[in-house]
Amino acid sequence: MYAAIAKFQWNQLFACCYCFKRHRRKSGGYYDHRNKEMDYLNTPSRRSSGSASSTSPTHASTSTRQKIIAGHDPINFWVIRDNDIEVSRIQPGSTEGNFFWDAVRDFIHDPSQELIDCHQPKPILLPTGELKKPYPWHPDIVDTQIFQIGSLAIVAVPGEFSTMSGRRLRDGVKKVLIDNGWPSDTHVVIAGLSNVYTHYITTFEEYQVQRYEGASTIYGPHTLSAYKQQFEILAAALAKDTTVDPGPAPPFMLQEQISLLPPVFFDRPPLLKNFGDVLSDVLPVYTKNSNVNVTFVTANPRNSPHLEDTYLSVQFKENDSQWQEVYNDADWCTRYEWIRKNILLGESDATIYWDIPSNAKPGSYRIQHSAYAKHVLGGIKQFLGTSSVFEVK
């Protein structure tokens, strides 16, 4: 699996390099950006026809389930007919709800008439914009950004734009930039998903059809108009070199997060062992393209997330006898496997795997493991474990 993912990433890199060399155009020039947080609840905007419009509080639609039904649907819509239970399938473009799921929805939260009217013709499965417990079910504050690299503008969109909505947004931003002094060969690209996820964004016409993408446009039929208006404001500020109001700050909900994962109570090494001891050591000699693995006495990795750090280190011995880290847990050729051996006693093992690359430098190596153990009486302490030295030829 890891090799397949790595190969896929390399194929993407080669394709990008090919496109870069073939279509390269030197950008150069000025680098800048504009950013603004946007309150997407009832944001006023104007459609291309000039008529006023507004976004709406979010909700999940019955028609959104079309994508699940296209594959395997674990939660079917059941209907009783002639004392037999049948499955009621939702057809693409459905604008009608379902008696059973409407009842489930009303039990959770009965949507307001304002929400129903605002999202017409979309049927409401869950009024997520009106659900605030234990915290908001969908974001109200949305981050919008635009970047400049010379005559290239990168529009960082917080959702999945349909082809036509992306074209309309791109054309609108480009026109604003050129009208405010940018060159006629200005290039605008849409970059998503960026900063926050707000599902799909379709055109007003696509929304009326209510297929999967339109049904997944959560802020209502005028979502694109509001995004287009917002990014054109940012584009004008970028072209005129003026500042923009940062907008409302999104809520900080880190302390409100609910976790169903039990805490780490304590860690304990096996009898006559210490944290970091080697249980299964490396072999003396390996060749390139072979696999190295070593198992340590360890503790629960959730004691420390190792931010900006690593659980493992493959180290190479330099000529001056100093050990230099050459690979860690961020590399595709390494893998860290933690196994809880005894829940009641708090014992666990960690096996570190290293697939030696074909371009690995011959010489002496060792593998080091770093983790934190939680004492039964409280307190967390770091420990290290180191394998024997082995040769790579």
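For the stretch 85-234, the pair-distance distribution built from all alpha carbon pairs, in bins 10 Å wide starting at 0, is 10, 35, 30, 16, 7, 2, 0 percent.
Once neighbouring chains are kept in place and the probe is 1.4 Å, which whole percent of the accessible area of the stretch 252-360 is contributed by carbon and sulfur? The value for the stretch 252-360 is 53 percent carbon and sulfur by accessible area. Taking the Cβ-Cβ separation of residue 211 and residue 274 as r and a Förster radius of 51 Å, what is the calculated FRET efficiency to the nearest 0.05? Approximately 0.25, to the nearest 0.05.
Using the per-residue mean of other Cβ atoms lying within 10 Å as a proxy for protection, in what order, highest first, do the peptides 350-361, 217-228 fall?
Those peptides, ordered most packed to least, come out 217-228, 350-361.
Set the bar at 32 Å for Cα to Cα. Now go through 36/175; 7/133; 122/240; 288/374; 122/228; 317/381 and name every pair that lies beyond it. Correct reply: 7/133; 122/240; 288/374. For the listed peptides 194-200, 230-236, a ranking on the average number of other beta carbons within 10 Å per residue, highest first, reads 230-236, 194-200. The translational diffusion coefficient of the stretch 239-297, from Stokes-Einstein at 37 °C and 0.692 mPa s with a Kirkwood hydrodynamic radius over alpha carbon pairs, comes to 177 µm²/s. Within the stretch 308-393, the proportion of C-alpha pairs whose separation exceeds 22 Å stands at 34%. For residue 311, nonlocal amide neighbours, meaning residues 5 or more places apart or on other chains whose placed amide H falls under 5 Å from its own, are 329. Length gained on full extension, residue 393 to residue 39: 121.4 nm, using 0.36 nm per residue less the C-alpha separation.
For a protection proxy built on the mean count of beta-carbon atoms within 10 angstrom, sort 7-14, 257-264, 203-210 highest first, please.
So the peptides 7-14, 257-264, 203-210, ranked by packing, come out 203-210, 7-14, 257-264.
Between the C-alpha center of the stretch 341-358 and that of the stretch 269-309 there is a gap of 6 Å.
Work out the FRET efficiency for residue 319 and residue 113 from their Cβ-Cβ distance, taking R0 = 56 Å, and round it to the nearest 0.05. In this case the efficiency is close to 0.10.
The values are calculated or read from the model by the stated rules, or taken from the named source; none is laboratory data. If you're wondering where the values come from, they're calculated on a predicted model, not measured in any experiment. Neighbour counts run over all protein chains shown; Cβ positions are idealised from the backbone, glycine included. These accessible areas exclude ligands, DNA and RNA; they are computed on the full protein's heavy atoms, side chains included. Shrake-Rupley method; radii C 1.70, N 1.55, O 1.52, S 1.80 Å.
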